[in-house]
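Engineer: Okay, handing you the structure first.
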């Protein structure tokens, strides 16, 4: 008897610093967490539309010894508290420094591929949202449907990123995804 495989889900992979919250440079203290405009309003809309919301974040501050993994986790708890319960489905982070070759550190797609396997995600129906060229490149390399740059660095990196969309705000990010 043939068993049907369960349908794969769709996800939005989200960078953290500079995309969901203000990038303060190696954020290691919960009191430094400040959500960017529109994030708190739009993430529940995306969740309601059936997307899993997954954070994929480079955290080389750990690898450089600037702060400990527990500091990262404390910041993450504060971020999730401010976003609201159940909004973020999973968080993947890479502590490797840029000098260390790593399949997980963006622009490599390792964290996205790992999450797709762990959570049953169809990458072809998923999106990557970030503020840096490395975020767009990771999404492209993973084979996501579209990559969106938004946030502090997005506009200055538009031409070299290969991103599908350069959004002016998080509302535009949500409208693009929900309209696509």
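The values are calculated or read from the model by the stated rules, or taken from the named source; none is laboratory data. Not measured: the values here are computed from a predicted model. Cβ: placed from backbone, ideal geometry, glycine included. Neighbour counts: every protein chain shown.
Engineer: Any idea which of (1) touching a strand residue (DSSP E or B) at 6+ places or on another chain (Cβ under 9 Å); (2) under 30 Å from residue 124 (Cβ atoms); (3) not in a strand (DSSP E or B) is the one residue 54 doesn't satisfy?
Structural biologist: It is condition (3) that residue 54 fails.
Engineer: Checking residue 132 against (1) more than 25 Å from residue 8 (Cα to Cα); (2) at pLDDT 95 or above; (3) under 12 Å from the mean Cα position of the chain (by Cα), only one condition comes out false. Which one?
Structural biologist: It fails just one condition, (2).
Engineer: Would you point out which residue out of 71, 89 is modelled with pLDDT of 95 or more and over 21 Å from residue 173 (Cβ atoms)?
Structural biologist: 71
Engineer: Tell me, please, whether a residue that is assigned to a helix (DSSP H, G or I) and modelled with pLDDT of 95 or more can be found in region 8-31.
Structural biologist: So the first thing to find is which residues in region 8-31 are assigned to a helix (DSSP H, G or I), and the list is 30-31.
Add one more test, that the residue is modelled with pLDDT of 95 or more, and what stays is 30-31.
Yes.
Engineer: I'd like the residue in region 61-75 that is without any contact (Cβ under 8 Å) to a residue 40 or more places away in the chain and within 20 Å of residue 134 (Cβ to Cβ) and, out of all such residues, is surrounded by the fewest Cβ atoms within 10 Å (Cβ to Cβ).
Structural biologist: By that ranking, first place goes to 64.
Engineer: Please go through region 13-42 and pick out each residue that is on the phi > 0 side of the Ramachandran plot and in contact (Cβ under 8 Å) with a residue 24 or more places away in the chain.
Structural biologist: Filtering region 13-42 down to residues on the phi > 0 side of the Ramachandran plot leaves 18, 25-26, 38.
Scanning region 13-42 gives 18, 26, 38.
Engineer: For residue 50, are the conditions met, namely being exposed (fewer than 12 other Cβ atoms within 10 Å of the Cβ), out of contact with any helix residue (DSSP H, G or I) (no Cβ under 7 Å at 6 or more places or on another chain) and within 24 Å of residue 113 (Cα to Cα)?
Structural biologist: Answer is yes for this residue.
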